[in-house]
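The values are calculated or read from the model by the stated rules, or taken from the named source; none is laboratory data. What you are looking at is a predicted structure, and each value in this text was computed from that prediction instead of being measured. Cβ placement follows ideal geometry from the backbone for every residue including glycine, while neighbour counts extend to all protein chains displayed.
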Amino acid sequence: MNRYYVIAMIALLILIIAIPVYAWMEPARMEQAQQLLREKYVQDAAVMYVDNCALCHGVEGEGIGAYPPLNTEGIREADYDFLYKTIARGRYNTAMTAWHEDDGGPFNSYQIEELVAFLRYVDWAQVKEIAAQQGVIPPAMPVPEVQDSFLEQVAALGAEGESWANGIATYAQSCTTCHGVNGEGTDLAPALNDEDTRMADAEELARIIREGIPGTMMPSWDKKLDEQTIEDVVAFLQNWDKINEAGLELTPPAPIHVDLNNPEEVLALGETLYANTCAACHGENGEGGSGPALNSLQILTRHTDDDLRRVIIYGPRRPNSIMPAFGDRLTSVEVDALVAYIRSWEETAVWVKNPRGTEQGGGPPWLRATPDSNNPISPEGNRGFGRGRWRKNPPPDQGLDTQP
C-alpha cells in the first residue's frame, strides 16, 4: 500500500511541476507555430501574387500607374477585415476586381487569408526573386516610356512648358535608374523631386549635370547632352512640383516576361539591363569611361563568369571604386543575363591599351592636381634612390639639362 502511495505522490509531484512548465512554454510554442504558419501562408501567396497581381501592383509592390503601391506601412498595418474584404470583393468604381470564388474570382477563403498574411509580413525582395525565376522580370532599372501626348500636356502648362517637356523626356531616358521614376531617390542617388532641388542655384545644378560629382555614381554628361538639353533638365527639375500639381507623373514600366529557356531573350534582357545600368560609366558598347572598359580582351579572357557575377553582386574590391554593389537591386536571373551579355562581346573584343578607362586617372589627389608652372619642383643632386631632398626652384647652375 505504501508503494502505491509513493507512486501516486511522485506522479502528483510531476504534474505539479509539469503543468506550470508547460504553461510557461506554451506561449512561445504557440508563437513559433504561428510564425511557421505565417511563413507557409506567405510562401504560397507569393506565387499567387506573381501570377495574378504583379502586372498591376508591381513585382515589388511598388504600384504601376493608377494601381496603388502595396509595399507601404499603411498596408502592412491595415485592419485585417479591410484587407480581406478588399481582396475578396474588390473596390467599387475602381479597377480592383473581386477575387473570391463566391464573387466569380479564382481564390477560396483560405487563399484570401494567405494573401492577407502576405501583404502584412512579406519580404518584397524575395517576391522579386520568385518572379524572376518564373521569367517575370521587374523594372529594377526603370526607364519609363514617355508618350508624345504626355509631353504635349507638359508643354501646354506655361511659357516654359516646352523646355520642361524636353527636360522630363531626357530625365526619363537617362536619370530614373538612379534617382527614381518620379524623383523619389534610390539607394544609388538622392531624391530630386524635392524642395532642396527646386531652391538650388540653377547654374550649380547645370554644372553638376555637366561635370558630375567625383567619388559618386554621378557621371559627367557634357559629352552626351548639349548645353540646351542640360538647361531643359534643370528647368524641369526646378518646376517638377508644377507638373505634378497638374496631375502629370511618369509611369513606371510594367514587369516584362522573358522565356528563360530562350538564349536570345536572355541576351536581350542583359542588353537592356546594361544600357540602363552600366553604360553611363562603362560606355554604350563597353568601351570604358569613368569605369573600366569591359569590352576588352584583358577583362573577358582573364575573368570568369563567376568573377563578373561577384563584382556585379558585391561591387569591386579595388579601393576607391565608385561602383556600388547591385546584389540588392538585381535578381539572380538579371545578374546572369547581364553576365551573358557582357560575355557575348568576347569573340570580337580587342586589346585595350588602358582598360581602366582614360577618365579614371590615378594617384592621390595632391599628385593629380594641375601643376603650377610658376612654382616648379626639382630634385637636388643625385644622392641615391629615395634619399634626395626636394625643393623649389633649383639654383641656376644646377638646373636639369634640357639640351639634346
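The condition (being hydrophobic (A, V, I, L, M, F, W, C), assigned to a helix (DSSP H, G or I), in the same structural domain as G61 (by TED's automatic domain parsing) and buried (at least 16 other Cβ atoms within 10 Å of the Cβ)) is satisfied by just one residue among V154, V233, V127: V127.
Only one of the numbered conditions (1) assigned to a helix (DSSP H, G or I); (2) under 31 Å from the mean Cα position of the chain (by Cα); (3) over 24 Å from A125 (Cα atoms) is violated by T94, and that is (1). Just one of the listed residues (R3, R38) is surrounded by fewer than 10 Cβ atoms within 10 Å (Cβ to Cβ), at pLDDT 75 or above and basic (K, R), namely R3.
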